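Notes follow the structure.
Every number in this text was worked out from the coordinates using simple rules, so none of it is lab data. Since we're looking at a predicted model, the values are computed, not measured. All Cβ positions, even for glycine, are placed from backbone atoms using ideal geometry, and neighbour counts span all protein chains on display.
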Amino acid sequence: MSYFTNKTVYITGAASGIGFETAKQLIQQGSNLMLFDVQPLDETLSTLQAMNKKGVAISTYKLDVTDADMTTQLIADAADKQSPDILMHFVGITGPWTFDEMSQEQFERVININLFGTRNVLAAMRPFLGSGDQVMITTSMSSFTGSHGYSSYSASKFAIWGMMQSLSFEWKPLGIDITVFAPPPIDTPLTQSEVGVMSKAGVGMKKLAGELKIENAVKAMLKGVENREFLVIPGVMANLIRLQLRFFPVKWVNWIGNTSVRLSMRK
């Protein structure tokens, strides 16, 4: 038996990317799954049912996390069927435009989905979380450092990082543990959507953190949840950047970033 066997895990953003990979790894470990996404979940469900050798329960819900009322109702409906042991929240979009190129509508959409969507899910889940339960929220390395072309995305992720630190102080004394998953770039539909949109400078800065295979990133995240770690940063390069941000002067960090931008723009 694994740590996740017989636990009921709520997964948002389960139709693709990291959420879908997490569902696949958890079903092999015997977790009951409550899956949420604004995208259709038919193919996801079909794939997971074919993998369901342990006969676990799987339920799906079409959810737009920016709709607070819908989020509250659907999570309550799911909790009536099976109360959660763990929430894993993966919903998020990127915003690979420079500030000068971005419209107000584009900026607000990133903030609404990434930040307010996360808030809505947490608020809807809170009545059903008690001592021993866990929350895993996906952020990014962009929670700690800005990047060329990521003003909206970094703004949302910095805010989520601060929110989760605050919630940890509020919820941990109640027995609810929080894990923040902050990976470097991973090959997912989210990062693929940036191809041809993000500038060369933005691509160059992202390469500094390296890129992880999705399977390895999810394994690292699950291990962190099992160990009830507050922060999980997979990947050697990503961890080196995190250490650099902690121990080196800001002017040194900015020099590295600015140098990367200049070199990228010359190519």
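Structure notes:
- Counting charges near F181 (Lys, Arg +1; Asp, Glu -1) among other residues having Cβ under 14 Å from its Cβ returns a value of +1.
- Cα gyration tensor shape of the chain, rounded if a/c is under 1.5, else prolate or oblate by comparing a/b with b/c: prolate
- Filter on K7/K219; K24/K213; K157/K251; K7/K157 - keep pairs with C-alpha separation over 19 Å: K157/K251; K7/K157
- Helical contribution to [θ] at 222 nm, DSSP H n ≥ 4, -39,500 (n - 2.57), averaged over the chain, rounded to 500: -15000 deg cm²/dmol
- Candidates S59, S147, S31, ranked by Gaussian network fluctuation over the chain, Cα under 10 Å, top entry: S59
- Charge tally around P234: other residues with Cβ under 12 Å, Lys/Arg +1 each, Asp/Glu -1 each, net +1.
- Summed side-chain charge close to T139 - residues other than T139 whose Cβ falls under 13 Å, Lys, Arg +1, Asp, Glu -1: +2
- Fewest-first ranking of V236, V180, using other Cβ atoms within 10 Å as the exposure measure: V236, V180
- Distance between the C-alpha centres of the range 49-72 and the range 121-161: 20 Å, rounded to the whole angstrom.
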